[in-house]
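Heads up, the thing below is written out as structure tokens.
The values are calculated or read from the model by the stated rules, or taken from the named source; none is laboratory data. None of these values were measured; they are calculated from a predicted model. As a convention, Cβ positions derive from the backbone with ideal geometry for all residues, glycine included, and neighbour counts pool all protein chains shown. Ligands, DNA and RNA are excluded from the accessible area calculation, which covers all protein heavy atoms including side chains. Shrake-Rupley method; radii C 1.70, N 1.55, O 1.52, S 1.80 Å.
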Amino acid sequence: MKKIAYIGLMTSIFAFQANAADFYVKKIEVDGLQRVEKATVLSYLNIHNNSKVSQDKLDSSFKNLYDTGLFSDISFDTATANVLKINVKENPIIGKRAFDGNDKIDDKILEAEVQLGPRSVYDKAKVQQDVQRILDVYRKTGRYSVTVEPKIIEREENRVDLIYEIDEGSAAKIDKINFIGNTHYTSSDLQDEIMSKESRWYRIFSSAEDYDAEKMDYDKELLRRFYTNRGYADFYVQSAMAELSEDHKSFVLTFNLDEGPRYKVNDIKIKSNIEGVETDSLYDDLEIEKGDWYNAQLIEKSTAEMIDSLGKKGFAFVDISSELERDAANGKVDIVFNINESDRIFVNRINISGNDRTEDEVIRREFRLDEGDALNITKLRDSRRNVENLNYFSKIDIQTDIVDENKADLNVNVEEKSTGYFNVGIGYSTSNGALFRAGVTENNFRGKGQEIGFNMGISQRNKDYNISFTEPYFLGRRLSAGIDLFMEDQDYEDEASYDTRTIGGRTRFGWNYTDNLYHLARYTLSTSDIKNVKESASEYVKAEKGKATTSAVGQTLVYDKRDSSINTKEGYYLSFGHDFSGLGGNTKYNRFDAKAYKFYTLADYYTFKFFTTGGYIVGYGGKDIRMSDRYYLGGNNMRGFEVAGIGARDKATDDALGGNWMMYSGAEMTFPIGLDELGIKGRTFWDIGALGKPDNFNRQKIDYSSKIRQSVGFGFDWMSPMGKINIDFGFPIVKERYDETEVFRLNFGTSL
């Protein structure tokens with residue numbers, strides 16, 4: 001006999017006595033069992049009664065028992081002749097399992113990740129595996145300094161309570177985002193396009209500054225879209241790295257880019273490999289033309305339009321792919337659309353999961369495919385993009401599962417994110433003085449895709465409150481409907497010796513004819529009160545003191561071909577609106593407004609904006625136009641002049657009286673000034689404007705001229721923590737002697 005010691009896989013030491021040579025076993029005894037049946041132990045042995053036992057069989061039997069996880073200690077004893085005695089100590093049973101310290105992640109999420117639960121057999125190896133799973137869950141949320149320590153509380157009858165003590169630490173913030181290889185767009189431009197943001201004090205209510213590996217992967221896709229929609233067909237992200245700081249509290253993200261050349265479309269060809277398909281009519285479906293910059297999004301839209309057209313003609317199973325014939329030296333590209341037959345597969349079911357809050361219908365209505373339709377990859381891709389554009393989900397995964405030779409299920413899995421926003425800002429404006437703005441918005445109210453918001457602004461000269469609600473699919477159709485309630489107090493004491501208060505509501509509808517052409521309709525009911533009129537005010541102002549009710553219906557037609565509504569580089573914007581007041585109330589007028597903007601970027605840095613806006617209002621039924629409904633020129637809509645600084649003015653009181661028509665036009669160039677990291681750009685401008693005379697005024701008592709005024713100047717745009725800030729220095733070069741001018745203007749907010 002000799003003793004041989006075995007060391008277990010988790011540092012436990014097991015020992016047994018065994019003959020070096022084979023020995024004969026007539027009987028097997030098991031000691032130490034409490035819950036486990038003896039038959040269970042015997043089933044894991046390679047040893048039987050009345051058989052010879054070798055060293056190999058003892059070794060394998062020992063390993064089999066250990067691998068069950070049922071025992072914390074095992075030993076074999078063969079001291080008694082022909083008897084194998086097995087001594088075991090059972091692992092305890094887990095009575096209660098709990099998580100302590102997990103404020104950021106709910107218990108249910110952690111419970112779904114760990115293996116061991118109540119009534120499970122306690123196993124040290126599995127505990128360590130569960131610790132790692134918990135760490136992984138936290139790291140996915142950007143918390144890399146988290147620590148998890150399992151604690152055991154021993155109970156009676158060989159039971160234990162298992163407590164995971166969690167120190168969540170702080171979320172790892174993004175300290176810096178670097179872009180390498182971006183010669184055509186600044187780092188500031190690219191940061192505006194991605195979801196990840198550098199940590200800043202004003203992002204306390206945003207998770208954009210928290211590092212997330214999946215979000216970084218999506219950032220790569222956003223960068224690809226940004227470049228390929230602006231002519232860079234060869235663009236790709238060479239690498240994307242995230243470096244964790246030594247204290248595990250912050251990351252530095254680095255995107256290594258290869259922009260490649262910028263291409264203009266030289267020629268477009270459509271080729272068909274399907275008998276009976278005529279390609280001539282398909283050129284009308286193209287969203288991209290010769291001479292345009294290459295644009296991957298427009299190519300996808302063109303493909304979708306051609307597939308729709310062919311489907312209407314009976315060609316349900318088509319696949320259209322595009323290939324590029326590049327001339328990199330000259331920056332030219334030919335686009336070839338190839339039409340081929342696709343597999344005859346139909347959509348069986350669309351299964352949606354992961355949307356705990358968002359209703360299925362909100363997702364389904366964004367799909368361009370219905371159950372029973374022919375499966376089309378282009379429409380599937382468009383459907384995915386539509387769901388992404390909802391901005392309700394941090395992750396969207398769509399898998400095609402073939403369930404029959406000609407049927408497939410679409411399995412859609414989403415991961416929801418917060419859709420509520422809170423914004424607050426303080427600052428100063430030359431027109432309104434010190435100001436405070438705050439607002440709350442929920443873009444997926446009740447999980448129905450509805451939008452609801454409350455916004456307020458308070459300044460020294462202005463107070464406004466607005467509550468809004470929008471249903472994007474009214475009556476189950478692609479028709480948006482909404483309602484607004486508003487109240488505004490405005491101080492015009494300096495310009496015209498009076499104050500106004502407007503209270504009212506508005507219902508509105510909107511629908512798209514195409515992706516770029518949309519129509520808005522509205523009905524507004526409001527009461528305007530001209531009050532606090534000074535004794536020294538103009539007789540025309542005093543005559544309008546009091547309340548008036550407006551009941552107006554209006555519409556606006558918009559054609560928007562801008563590449564971005566936030567950071568516009570290319571494209572144009574056109575709109576025409578008409579409002580008719582007189583459906584009740586005591587104001588009667590027709591108002592017409594029009595806008596035209598053109599954007600062009602030279603050398604990828606210098607963006608030119610050419611614009612023209614105009615309006616005309618005329619009364620009817622013997623009603624004159626009230627002062628609160630007239631046009632005013634100056635300030636934001638004519639830099640270099642004070643608010644209402646241009647136009648008719650009472651000679652005796654110098655009060656501004658406004659006008660019944662207005663024209664404002666000009667040109668502006670925005671350019672980098674080396675402060676891209678701070679979000680600051682420079683600009684120069686040339687403004688041209690004119691304001692018409694109000695009706696029924698004594699020409700002898702007012703100063704008035706409809707001559708064109710002009711101003712030039714320079715300024716700065718700053719994307720500050722409180723929103724966009726404009727700083728302008730304007731210098732009038734054509735003006736009238738009675739016009740009110742100003743050189744400096746500071747303004748908060750965004751404009752087209």
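The table below lists the values:
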read-out: Sequence of Trp686, Trp511 from largest to smallest accessible area, 1.4 Å probe; value: Trp686, Trp511
read-out: Rounded accessible area per residue of the range 616-704, 1.4 Å, Å²; value: 38 Å²
read-out: Surface accessible to a 1.4 Å probe, per residue, for the residues of the range 101-212, Å²; value: 54 Å²
read-out: Cleavage-rule hits, trypsin sites (Lys or Arg not before Pro), the range 265-332, DSSP coil, Cβ neighbours within 10 Å at most 16; value: Lys290, Lys313
read-out: Heavy-atom accessible area ranking, 1.4 Å probe, most first, across Asp59, Asp210; value: Asp59, Asp210
read-out: 0 to 90° range, to nearest 10: angle between helix 213-228 axis and the chain longest Cα axis; value: 40 degrees
read-out: Nearest-0.05 FRET efficiency for Leu485 and Asp676, computed from C-beta distance (R0 41 Å); value: 0.50
read-out: For the range 180-320, Kirkwood radius (reciprocal of mean inverse C-alpha pair distance, Å); value: 18.0 Å
read-out: Hydrodynamic radius (Kirkwood) for the range 96-172, which is based on Cα pairs only, to one decimal in Å; value: 12.8 Å
read-out: Spatial separation of Cα centroids for the range 529-545 and the range 33-52, in angstrom; value: 104 Å
read-out: Heavy atoms of Leu286: accessible area, 1.4 Å probe, square angstrom to 10; value: 30 Å²
read-out: Share of carbon and sulfur in the accessible heavy-atom surface of the range 232-341 [1.4 Å probe, %]; value: 39 percent
read-out: Accessible area (Å², 1.4 Å probe, nearest 10) - Glu243; value: 110 Å²
read-out: Bridge type composition, the chain - antiparallel percent by DSSP, nearest 5; value: 85 percent
read-out: The range 538-665 shape via C-alpha gyration tensor axes, a/c threshold 1.5; value: oblate
read-out: Descending semi-axes in Å of the range 241-337, equivalent ellipsoid built from Cα gyration tensor; value: 39, 19, 10
read-out: Links that overshoot a 26 Å alpha carbon limit, given the list Lys197/Lys681; Lys417/Lys448; Lys220/Lys301; Lys197/Lys395; Lys531/Lys623; Lys332/Lys724; value: Lys332/Lys724
read-out: Principal axis dimensions, largest first and in whole angstrom, of the range 152-206 by Cα; value: 72, 26, 15
read-out: Met195 accessible area, assembled protein chains, probe 1.4 Å, Å²; value: 60 Å²
read-out: Three semi-axes of the equivalent ellipsoid, the range 284-420, Cα gyration tensor, whole Å, largest first; value: 30, 21, 12
read-out: For the range 577-650 versus the range 140-214, the gap between their alpha-carbon centres in whole angstrom; value: 48 Å
read-out: The range 97-175: GluC sites (Glu not before Pro) in DSSP coil with no more than 10 other Cβ atoms inside 10 Å; value: Glu156, Glu157
read-out: Descending Cα extents along the principal axes, the range 495-587, whole Å; value: 53, 32, 18
read-out: Low-density loop cleavage sites - trypsin sites (Lys or Arg not before Pro) in the range 90-170, where at most 11 other Cβ are within 10 Å (DSSP); value: Arg119
read-out: Cα-based convex hull, the range 595-752, per residue volume (Å³, whole number); value: 119 Å³
read-out: Theoretical ellipticity at 222 nm over the chain - DSSP helices of four or more residues, -39500 (n - 2.57) apiece, nearest 500; value: -4000 deg cm²/dmol
read-out: In degrees, nearest ten, helix 296-312 long axis to first principal axis of the chain (Cα); value: 90 degrees
read-out: Three principal axis lengths of the range 46-149 [C-alpha, angstrom, descending]; value: 61, 25, 18
read-out: For the chain, alpha-carbon Rg over 2.2 N^0.38 Å; value: 1.34
read-out: Paired Rg and Dmax values of the range 577-632, which use every Cα atom, in angstrom; value: 17.5, 56
read-out: P(r) weight above 21 Å for the range 635-728, C-alpha pairs, percent; value: 45 percent
read-out: Apportionment of accessible area to carbon and sulfur, the range 508-610, percent (1.4 Å); value: 58 percent
read-out: Accessible surface, 1.4 Å probe, highest first, among residues Phe317, Phe714; value: Phe714, Phe317
read-out: Accessible surface, the range 456-598, averaged per residue in Å² (probe 1.4 Å); value: 51 Å²
read-out: Under Karplus coefficients 6.51, -1.76 and 1.60, residue-wise ³J(HN,Hα) of the range 383-398 in Hz, glycine/proline x; value: 4, 4, 5, 4, 5, 4, 5, 4, 6, 9, 10, 8, 8, 9, 10, 10
read-out: Distance between the range 441-462 and the range 354-368 - C-alpha centres, whole angstrom; value: 23 Å
